[in-house]
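Data block below; observations after.
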Amino acid sequence: MYGVVTRNAEELDWPEFDRAFYEVKDVTGRHTDPVENAVNMVSCFGDNATAGTDPELVPVDDEGNKATRDRPYFDWAYVCPNAEDYRNGVLTVVETCAELNEDVRLDDVGFPRAEYCHCERCETAFAESEYDDWQDWRASVVTEFVADAVDRIPGKTYLTLYPDPYPGHLYERAGLDLDALSELVDEFVVPLYDTAYGTTYWLETIASGFEDALDAPFSVELYAVDVDVENLVHAAEVADEYAEDVFFGYQASNARAALRRMDAEERDGKSFGPE
């Protein structure tokens, strides 16, 4: 199955795509109304706008460094998963999405990096918790949030994962307990983005790693913006060997061209009969 990830509502019904994902809330903090004819996507704790207007909600490490996009390794700013009002607001967005389409995709779930978060909210919550280990406590926070979101999603729950299948890395980095989340989530989505896909050995390596790491189905999301169609076709063929589905991100016209090329090649086939 092939799908598209887009911010453009007019692309959601293009017949080449078996499934469409529509960004309702993205990492910039931009909001738009959910739709009926796509799986609505919600960036949960990536939010530049909220981090800018309410810096007290931004996670901090043990040295007080904020998880904002002006810091090394951060492409966007984060909000602390223990910021209760914000968290409840995200759950309300999820619930609103599910009222229009029963399937929902959760993006940017978890803590920003392994050093976070040591804000006063988190320090107090950890001290008052039943956990002695800080990482175990972080994982419980994330798992509880996902469980609360799933309770509001009557259909299929998708959850985006950072593309690192190495054992323990997602647990340490973001507080993602893959075993616990596999009990809650119907399908994971792993973005494997490249601007060219000139080589795909790394794509195969990461995809096969997730095949080993996960007890739930997963799909691969490819970056389609200005990628050569032949390269995009090859990347899709590699991803399809491991993933449940393959999705194309953020340039539906290029994705459509790739799928048409794949369909044409499949229909042409090869003849080995007598001339």
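What to note about this one:
- Residues in region 28-55 that are touching a residue at least 60 places away in the same chain (Cβ under 8 Å) and out of contact with any strand residue (DSSP E or B) (no Cβ under 8 Å at 6 or more places or on another chain): 1 in all.
- Hey, Val146 modelled with pLDDT of 95 or more, β-branched (Val, Ile, Thr) and over 22 Å from Phe111 (Cα atoms) or not: no
- Single unsatisfied condition, Phe188 versus (1) in contact (Cβ under 8 Å) with a residue 40 or more places away in the chain; (2) touching a Leu at 6+ places or on another chain (Cβ under 7 Å); (3) not in a loop (DSSP other than H, G, I, E, B): (1)
- Unmet criterion (only one of (1) surrounded by 17 or more Cβ atoms within 10 Å (Cβ to Cβ); (2) over 26 Å from Asn254 (Cβ atoms); (3) touching a Gly at 6+ places or on another chain (Cβ under 9 Å); (4) not acidic (Asp, Glu)) for Ser219: (2)
- Subset of region 98-154 (residues that are small (Gly, Ala, Ser), part of a loop (DSSP other than H, G, I, E, B) and either touching a strand residue (DSSP E or B) at 6+ places or on another chain (Cβ under 8 Å) or exposed (fewer than 14 other Cβ atoms within 10 Å of the Cβ) (or both)): Ser129
- Elements of the type strands (runs of 3 or more DSSP E) sitting completely within region 2-70 and holding at least 1 residues that are aromatic (Phe, Trp, Tyr) and in contact with a Phe, Trp or Tyr (Cβ under 8 Å, 6 or more places away or on another chain): these cover 2-6, 19-25.
- In region 185-203, the residues that are buried (at least 17 other Cβ atoms within 10 Å of the Cβ) and not hydroxyl-bearing (Ser, Thr, Tyr): Val185, Glu187, Phe188, Val189, Val190, Pro191, Leu192, Leu203
- When Asp226 is tested against (1) surrounded by fewer than 19 Cβ atoms within 10 Å (Cβ to Cβ); (2) modelled with pLDDT of 95 or more; (3) in a helix (DSSP H, G or I), only condition (3) is not met.
- Flag for Val233 being modelled with pLDDT of 95 or more, under 19 Å from Arg19 (Cβ atoms) and assigned to a loop (DSSP other than H, G, I, E, B): no
- Residue count for region 195-220, restricted to those that are in contact (Cβ under 8 Å) with a residue 24 or more places away in the chain, in a helix (DSSP H, G or I) and among the polar types (S, T, N, Q): 1
For (1) at pLDDT below 95; (2) within 16 Å of Arg105 (Cβ to Cβ); (3) in contact with a helix residue (DSSP H, G or I) (Cβ under 9 Å, 6 or more places away or on another chain), each residue gets a yes or a no:
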| residue | (1), (2), (3) |
| --- | --- |
| Arg19 | no, yes, no |
| Gly29 | yes, no, yes |
| Pro34 | no, yes, yes |
| Ala38 | no, yes, yes |
| Met41 | no, yes, yes |
| Pro55 | no, no, no |
| Asn65 | no, no, no |
| Pro72 | yes, no, no |
| Asp75 | yes, no, no |
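The values are calculated or read from the model by the stated rules, or taken from the named source; none is laboratory data. Keep in mind it's a predicted model, so treat the numbers as computed, not measured. Every residue, glycine as well, gets a Cβ built from its backbone with ideal geometry; the counts of neighbours run over all protein chains shown.
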